[in-house]
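What follows is a set of notes on a single structure, which appears directly below.
The values are calculated or read from the model by the stated rules, or taken from the named source; none is laboratory data. Just so it is clear, the structure is predicted and the values come from calculations on it, not from any experiment. Cβ sites come from the backbone with ideal geometry, for glycine too, and all protein chains shown count toward neighbours. Surface accessibility is based on the protein's heavy atoms, side chains included, excluding ligands, DNA and RNA. Shrake-Rupley method; radii C 1.70, N 1.55, O 1.52, S 1.80 Å.
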Amino acid sequence: MSNALTDLLAEKGYLLADGATGTNLFNMGLMSGDAPEMWNVEQPEKIIKLYRGAVDSGSDLFLTNSFGANASRLKLHGAQDRVHELARVSAELAREVADTAGRKVIVAGSVGPTGDIMEPVGTLSHAEAVEMFHEAADGLKTGGVDIGWLETISAPEEYKAAAEGFARAGLPWCGTMSFDTAGRTMMGLTSEGMVDMVEGLDERPLAFGANCGTGASDLLRTVLGFTSKNPSLPVISKGNAGIPKYHDGHIHYDGTPELMGKYAVMARNCGATIIGGCCGTMPEHLVAMRAALDSQPKGDAPTLDEITSVLGPFSSDSDGTGDEAPAKRERRGGRRRG
């Protein structure tokens, strides 16, 4: 089915997505523990600056400031009755930026995990999760997003509930998971397992992939896991800008713009066609990624040794699919993107 994302992807062959939300907002003064979504109504000029930073750096697609806009997360801030409003406003601000960009730019409505554990391990029912995702998706659609964008998901059950929520809102969507436990999501899903899950959904996404996780090397190993299954859908790669390091009371990511430019080219060579950054990825990283992608042709898929020689070592020996695969861990809520 034709839509803004698939049309632009068909035209260009690959798309540059955006970078971090949290890292950029913290640099603008957001305090740890505050809800970034409140800035949509309290400091909209800073959210517009966030969006324009991505667009001006060459992104073909950027995400709205709505990662935590669901009833469960906003309840922590006494704002559980403002989900639709905050999602809608995040989209309206994004629409304004995209429509004045002078070129086609896709607005993707960010939807993060609920933060609750689903039944039977936890107490969140499938129906409750679907309604949470539906409420967020409907607000984003009302605000004018082109697509929904599910991200940083660990549990297959939550991914499936979100798919139903997007479908109920009538919003086409993409969806990524975070593979941060020795090649698996925190709830034990492998890259190959995600392909099987996505291909079997009644309401499939427009594209799927991985975001966040550990380092860029690990994420590309995950992307190779996706493409080894020859999926029928486009693959998304949104890796962190290096490895987080604690310095002077703050978390900093050690990935340089040059490194992220190399990551972007390798991600495309691995088979991803929607490529962006996650935590620590700033406008200067996106500029380098845009330049690298536009100046270098697509090449052969890199070997694991080639990935580590350029981007650094993997965080674990296992990619989650072998005999040394880690045991399934209980998920305690997804992290905020960026």
Query raised in the report: Could we say that Thr152 is in contact (Cβ under 8 Å) with a residue 40 or more places away in the chain, among the polar types (S, T, N, Q) and open to solvent by less than 20 Å² (accessible area, probe 1.4 Å) here?
Result: yes
Report summary line: Picked from segment 292-313 (must be open to solvent by less than 80 Å² (accessible area, probe 1.4 Å), within 14 Å of Leu259 (Cβ to Cβ) and small (Gly, Ala, Ser)), the residue modelled with the lowest pLDDT is Gly312
Query raised in the report: In segment 205-235, what residues are part of a loop (DSSP other than H, G, I, E, B) and at positive phi?
Result: Gly213, Asn230
Query raised in the report: All but one of (1) assigned to a loop (DSSP other than H, G, I, E, B); (2) modelled with pLDDT of 95 or more; (3) more than 26 Å from Asp294 (Cα to Cα) hold for Met187; which doesn't?
Result: (2)
Requested in this report: Would you mind stating whether Glu199 is free of Cβ contacts under 8 Å to residues at least 60 places away in the same chain, farther than 18 Å from Thr227 by Cα and not polar (S, T, N, Q)?
Outcome: no
Query raised in the report: Which condition number does Ser217 fail, the rest of (1) in contact with a Leu (Cβ under 6 Å, 6 or more places away or on another chain); (2) open to solvent by 60 Å² or more (accessible area, probe 1.4 Å); (3) among the hydroxyl-bearing types (Ser, Thr, Tyr) being met?
Result: (2)
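Yes/no per residue for (1) over 20 Å from Cys212 (Cβ atoms); (2) in a strand (DSSP E or B); (3) open to solvent by less than 10 Å² (accessible area, probe 1.4 Å); (4) not β-branched (Val, Ile, Thr):
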residue	(1), (2), (3), (4)
Phe62	no, yes, yes, yes
Arg73	no, no, no, yes
Asp81	yes, no, no, yes
Val89	yes, no, no, no
Ala94	yes, no, yes, yes
Val107	yes, yes, yes, no
Gly115	no, no, no, yes
Query raised in the report: Could you count how many residues in segment 201-220 are farther than 24 Å from Ala4 by Cα and of a type outside the set (S, T, N, Q)?
Result: 7
Report summary line: Filtering segment 208-251 down to residues that are within 14 Å of Tyr263 (Cβ to Cβ), more than 16 Å from the chain's Cα centre (by Cα) and not small (Gly, Ala, Ser) yields Arg221, Leu224, Ile243
Report summary line: Reported set for segment 270-290 where residues are closer than 27 Å to Lys245 by Cα, in contact (Cβ under 8 Å) with a residue 40 or more places away in the chain and open to solvent by 20 Å² or more (accessible area, probe 1.4 Å) is Met282, Pro283, Glu284, Val287, Arg290
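Show me the strands (runs of 3 or more DSSP E) entirely contained within segment 236-291 in which 2 or more residues are at pLDDT below 95.
Numbers: elements: 244-247, 250-253, 274-277.
Passing ranges, in order: 244-247, 250-253.
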